Each structure stands twice: as C-alpha cells, then as structure tokens.
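The values are calculated or read from the model by the stated rules, or taken from the named source; none is laboratory data. Fair warning: this is a prediction, and the values are worked out from it, not measured in the lab. Counting neighbours? That spans all protein chains shown, and the Cβs are built from the backbone with ideal geometry, glycine included. Heavy atoms of the whole protein, side chains included, go into the accessibility calculation; ligands, DNA and RNA do not. Shrake-Rupley method; radii C 1.70, N 1.55, O 1.52, S 1.80 Å.
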Amino acid sequence: MSKPTVLVFETIHENGMEYLNRHANVRRVSGWDEETVCKEVVDASGIIVRANGRVTARVMDSAPLLKVVGRHGIGVDNIDLEAARERGIVVVNTPAAPVQAVAEYVIGAMVMLAKSLIRAHLAMQEGNWKFRYSEAVHAHEIQGSTLGIIGAGQIGTRVAEMAVGAFDVKILYHDAYRNPSLEERFGATQCDLETLLKNSDFVTLHVPATPETYHLIDATALAEMKPTAFLINSARGTVVDGEALYRALNEGQIAGAAIDVFEQEPVSPDEPLLRLPNVVLTPHIAGHSEEALIAMSMVAEDIVRVLREEPPCHRVV
C-alpha cells in the first residue's frame, strides 16, 4: 500500500520529520500564498502548518484526500476551524509543547525590562560608561510587584508559578473562566480587564487571536496602565493595537514593552517600534527552545494516528 502524502508548510525538527517519513511521503510547499498551496495540496492527506501560511476553506476544497491538519504549536487562528468541521477534517495541535519555553521568555522579559538591560548593553557597546549614573533610566526590583496575566491557561498558569516562586509577586488574572488552581496555589485574584491594567506593574498576554481579542490592548487599555508598568506580548500580534502601543511607549504612557509577535510578520524595516529605546523586540521566538521545537514537531504522531483512523491525542476539531 502506498504511503499517504503529508504537506509541510515550514521545516520542523528532525525528530518529527523522521517520524513522518516513516509513515508518509512528506513534501514542503514552495510558497505560503493561497494560490500556491491550492495547487500543491491536491494529493495531500495531511497538512502541518506553523505560524506562516493559512489553511483556508479554499485550500481544503482543493485537497479531496485531506483528512487532518496539524498545528505545530498551540494557536490555530491560521486554520479555518469551521470549514474543517463542515468538511469532516480533523484539526490537531500541540497544546503543552511550548508552555515552558514561553513562560521562561516572559520571566526573562520581566527582568530585561525592569533592569533596562537592553539600554545598558547598547550603552556599553557605545563606550558609554556614564550610563551607570543616568537619571533617565531607573532599574526596578520585581520582588513584591503585581503581575497581571491576561489569559490564565497553561502558559499563564506556568508564568504565575515561576514569577511567584522567583519574585513573590502578587497575581491578578483576567480570563473568561475562573482558574481555582491559580487562586489556591498562588493567591491569585480574578478581576476585570480595567482593574488588572490599573493595578499591575507587569501585564503579560496569553490569549488566542479571535474576534473577541482583536486589539484587546488598544489606546484605551494602554491609558489605564501605570506609567511605570511594562507590557509583554508573546501571544498573538493582533491582540495589541501596534500603532497605539507605539504612541504609548513614545509618549511615556507606559514604561516599556517586550513584544515577540506582531500584527504583520515578518516585521517591516519601517516598523516604528524598532526605533524606540524602551522595548525588547524578538522575531516570534518565545516558544523556540530545542525542547519545545521537538515536542511541537511531534504533532506528526497525531497526523499519523488520524491517517490510520485512530483517535488523536490533541484534537481541536
């Protein structure tokens, strides 16, 4: 019996590729635009997609053999879930794989922002030892501060655990659902968004990209934050209004931000945030530890399970 074909949008870790190659014919798409994908997906029984490219209804209709779409990671906003449901196509992901990596990124970002490490590093490169005496930049201790977590799922909970353990912070969280474990283990308090923004020294985002979360952090939300507060976004770029964030940072409405995800990726060289001194910017790498990349690549196992007509472990649709 011939092997089924699995189309891979981007390179995944060799562990996942080796597993796939044992069970399927694996092929990389030559481009992420819908037109190209529609041409190349005609014989595909499975698809693995990362952050780039979209699996739309049109792509699904161009793939008469398609049984399963796998998301290398957690977010499934680049897969048309309703279209998949209507067509009986299974969607799977790797919900736990990037949790530790992203949580570590958030803790690292908190330290970098509070200690102005990026500015200090750039000053040293410029030979500016006098930065040590600068009154324009004041480092802050994280100990005893308040951390606001928007989205109290697996990643938000792990961030709370690490932050409380390291810095004894107070936890506020905003989520559509109560998280009793977060409250019992860390003394966290569930509150509305406005209360969280007004009272947090650090605000970290861990929500999916949905119509409800689009520009959740807009000019109004940023105006609610303390002028000494920091924003960290390792969730999805569309959750934050980028233009409003630039204005807030440039005008000193908030002290700084660490941004790993953007409304437009790759980021244009003209992106205004690139010109600001009070930001830490990274190219969508918060979840890119070696361990996380291996675990995310093993979405291959669920792809193979579905192709064998076995139940997957992490079904979204």
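Quick notes on this structure:
- At full extension, residue 21 and residue 247 could sit 76.5 nm farther apart than now, given 0.36 nm per residue minus the alpha carbon distance.
- The angle separating the long axis of helix 99-114 from the principal Cα axis of greatest extent in the chain is about 20 degrees.
- Semi-axes of the equivalent ellipsoid for segment 273-317, Cα gyration tensor, largest first, Å: 36, 11, 7
- Per-q log10 I(q)/I(0), segment 14-96, q = 0.22 Å⁻¹ (Debye; single scatterer per alpha-carbon; no solvent): -1.12
- Stokes-Einstein diffusion for segment 165-255 at 37 °C, viscosity 0.692 mPa s, with a Kirkwood radius from C-alpha pairs, works out to 238 µm²/s.
- Nearest-0.05 FRET efficiency for residue 168 and residue 117, computed from C-beta distance (R0 22 Å): 0.55
- A straight Cα-to-Cα reach below 21 Å connects residue 198 with the lysines 170, 226, residues fewer than 8 places away in its own chain not being considered.
- Measuring only protein heavy atoms, the 1.4 Å probe finds residue 50 accessible over about 40 Å².
- Nearest 10 degrees, 0 to 90: helix 14-23 Cα axis against the chain principal axis: 20 degrees
- Accessible-area value, residue 167, 1.4 Å probe, nucleic acids and ligands omitted, Å²: 40 Å²
- Solvent-accessible heavy-atom area per residue, rounded to whole Å², over the chain at 1.4 Å: 48 Å²
- Expressed as a whole percent, the accessible area of segment 265-317 that falls on carbon and sulfur atoms is 54 (1.4 Å probe).
- Each residue, residue 195 and residue 132, gets one label point 7 Å from its Cα in the Cβ direction; the gap between the two is 4.6 nm.
- Shape category assigned to segment 226-317 from the gyration tensor of Cα positions, a/c cut at 1.5: prolate
- Note on residue 67: lysines with a C-alpha under 30 Å away, same-chain residues under 8 apart excluded, are 3, 39.
- Every Cα-Cα pair in segment 86-140 was counted, and those over 15 Å apart are 64% of them.
- Taken over segment 175-219, the alpha-carbon convex hull comes to 96 cubic angstrom per residue.
- Candidate residues 193, 117, 182: accessible-area rank, largest first, probe 1.4 Å: 117, 193, 182
- Percent carbon-and-sulfur accessible area, segment 139-222, ignoring ligands, DNA and RNA, probe 1.4 Å: 49 percent
- Computed with the Debye formula from one identical point scatterer per Cα of the chain, without solvent, the log10 of I(q)/I(0) at q = 0.07, 0.09, 0.12, 0.15 Å⁻¹ comes to -0.32, -0.51, -0.85, -1.17.
- Calculated [θ] (222 nm, deg cm²/dmol) that DSSP helices of n ≥ 4 give over the chain, each run adding -39,500 (n - 2.57): -10000 deg cm²/dmol
- Gaussian network model of the chain, springs between alpha carbon atoms under 10 Å - residue of 138, 284, 13 with greatest fluctuation: 138
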